[in-house]
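Working notes, structure below.
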Amino acid sequence: MTPIPQRLLGEALLKTAASHPDKEAILIKDRQYTYQQLLTASLKMARHLLDNGLQKGQRVALYMNNNWECIVSLYGTTLAGGVFLVINPQTKADKLLYILNDCGASVLITEAPSAREFNGILDKVEKLEQLVVVGQQQNINDVEVSKVSTFDQVQSGDTILPEQLPLIIPNDLAALIYTSGSTGFPKGVMMTHQSMVFASWSLTQYLRLTEDDRIIVLSPFAFDYGLYQLLMTVTVKGSLIVEQSFTFQSTIYKLIDKYQPTIFPGVPTIYAMMISSWKKKPFSLGCIKKITNTAAALPASSLPQLKEIFPNALIFKMYGLTECKRVCYLEPELLDEKPGSVGKAMPGTEVFLLSPDGKRVENGGSGILHIRGPHVMLGYWNKPDLSNQMLIDGELPYERVLCSNDWFRTDDEGFLYFLGRNDDIIKTRGEKVSPIEIENIIHKVQGIREAAVFGIPDKILGEAIVAYVTCNGDAPNEKGIQQICASKLESFMVPQKIFFIDEMPKSTNGKIDKKELKKMNHESV
């Protein structure tokens, strides 16, 4: 019989549990769970949700840390035909309330320790019908929810047979992934089963993942980078080592030593911290076979140190955005040849550059990156105007193409080089300046750990260029850094002011928060 290809998100778990029931699927601290255990627990969650009235397409919010209960709830929701969204557990009450009402959540699955944030708002969640709590229910105040259960109660119930699950097709909505918005309110990126399954397979293909791989996840599942580590693991029948953050490096290194992961997904902030530690006391992680990067460009200057820390690893430089998960990647064999590039389009997709007036840009030019493919979002939940700004008409009738709003250039071979966000491009002295280009130079300065560059209003220059830096050792003073920049860059690209700070403000997904830096700069004036 010809094997049926995966079409729905939950089918990966059904297939893997059938072929590898006793394989370790999830490893968390000192506990290991097999694929059969994951499937059984997920089917119990699906049964509970359906028995308590969940309808196909209703939203199920997971306000939880990276843990076993979150993974079970995620797969239980998708098997039951619900639309899951993972909310970062650091989210405070006001923002939590906004997201729950924006998506119209009918179910909230959360943890008792988070009660300090949700206790006072649940009566304001307009469509909430079910509450499932991990931990002791007595920690939860009286709420106007008709059905309240504990996770343990759910798991003491019956499973549902796979053939009894509701009909779902690839076009159905699978998830909402909330991402920060320019208006200050987060936006729910709509992803179908088809788009998420396609993205998972394309990622596993170019990353060359196999069932022998063990992926360690440090990013929250609320961040699509963390979420897809789980989805890819289940897709390839691998194993996932779960940690909640990179706050305590020594804990992570002990975890790596214990479970010997082969795949290390990180963000530039994590790699900067590792390089800083390595410079104080060199170490290497020989078990890692591949490292990946997202959230922001990985400075080319960090590659030599990363090769020392990960001596046996292929390094994948990548670029993506939540609205389509991933856009492009650089084959690791080309890293030395094209250290500043983020490669070409991921398998099964197409990218191209357009000038501001909408004309195609030939190789060697610069423009705004656009993306075609099955991985492109449907749009933003309840935000048609914003959706129409990001999704433009394609060359085919009725096709929608994603506009990244990011400036790139290509070389003569079509390899992509990130220049900056459309709204990050600095306009100074009549010139357009990429902050990334300046940051790359500052990153190479001895003693600099992180750098962030942006423009601030200036009556004479239009915008003045400022840089914020953190150090991991003896670094030059402001004048010294400016002199180094002047030796490598055009004069109009040299920062007018450089600020030294102890730590960069960070978003929940590990990116340097330039909005916060601009606020700091404004307040210091």
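Structure notes:
- With respect to the stated conditions, P495 is under 32 Å from the mean Cα position of the chain (by Cα), outside any strand (DSSP E or B), under 12 Å from I426 (Cβ atoms) and not aromatic (F, W, Y).
- Between P339, P261, the distinction of being modelled with pLDDT under 95, outside any strand (DSSP E or B), in contact with a helix residue (DSSP H, G or I) (Cβ under 9 Å, 6 or more places away or on another chain) and not assigned by TED's automatic domain parsing to the domain that holds V453 belongs to P339 only.
- Failed item, numbered, when D474 is tested on (1) surrounded by fewer than 14 Cβ atoms within 10 Å (Cβ to Cβ); (2) charged (D, E, K, R); (3) not in a loop (DSSP other than H, G, I, E, B): (3)
- All positions within the stretch 410-425 that are surrounded by 20 or more Cβ atoms within 10 Å (Cβ to Cβ) and out of contact with any Lys or Arg (no Cβ under 7 Å at 6 or more places or on another chain): T410, F418, G420
- With a requirement of 1 or more residues that are outside the structural domain of K254 (by TED's automatic domain parsing), out of contact with any Cys (no Cβ under 8 Å at 6 or more places or on another chain) and surrounded by fewer than 16 Cβ atoms within 10 Å (Cβ to Cβ), the helices (runs of 4 or more DSSP H) lying completely within the stretch 30-147 that satisfy it span 35-51, 93-103, 115-118.
Matching residues to (1) under 22 Å from the mean Cα position of the chain (by Cα); (2) free of Cβ contacts under 8 Å to residues at least 60 places away in the same chain:
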| residue | (1), (2) |
| --- | --- |
| T210 | yes, yes |
| F223 | yes, no |
| T235 | yes, no |
| L240 | yes, no |
| F283 | no, yes |
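- Some residue of the stretch 349-361 being exposed (fewer than 13 other Cβ atoms within 10 Å of the Cβ), of a type outside the set (S, T, Y), without any contact (Cβ under 8 Å) to a residue 12 or more places away in the chain and assigned to a strand (DSSP E or B): yes
- Some residue of the stretch 304-318 being at pLDDT 90 or above, crowded, with 19+ Cβ neighbours inside 10 Å and polar (S, T, N, Q): no
- Residues in the stretch 307-320 that are outside any strand (DSSP E or B) and within 21 Å of the chain's Cα centre (by Cα): G320 only.
- The one condition from (1) out of contact with any helix residue (DSSP H, G or I) (no Cβ under 8 Å at 6 or more places or on another chain); (2) in contact (Cβ under 8 Å) with a residue 12 or more places away in the chain; (3) of a type in the set (K, R) that R59 does not meet is (1).
- A count restricted to the stretch 196-250 and to residues that are of a type in the set (D, E, K, R), in a loop (DSSP other than H, G, I, E, B) and under 20 Å from E323 (Cβ atoms) stands at 0.
- Restricting A452, A486, A475, A464 to those that are within 20 Å of V267 (Cβ to Cβ), outside the structural domain of M273 (by TED's automatic domain parsing) and at pLDDT 85 or above reduces the list to A452.
- Here T410 clears all of (1) touching a Leu at 6+ places or on another chain (Cβ under 7 Å); (2) free of Cβ contacts under 8 Å to residues at least 24 places away in the same chain; (3) over 17 Å from S195 (Cβ atoms) except the condition numbered (2).
- Lone qualifier among I87, I160, I99 - being at pLDDT 85 or above and farther than 23 Å from M190 by Cβ: I160
- Residues that are of a type in the set (V, I, T) and either part of a strand (DSSP E or B) or touching a Gly at 6+ places or on another chain (Cβ under 6 Å) (or both), drawn from the stretch 264-292: V267, T269, I291, T292
The values are calculated or read from the model by the stated rules, or taken from the named source; none is laboratory data. Keep in mind the model is a prediction, meaning the values are calculated, not measured. Positions of Cβ are generated from backbone atoms using ideal geometry, with glycine treated the same way; all protein chains shown enter the neighbour counts.
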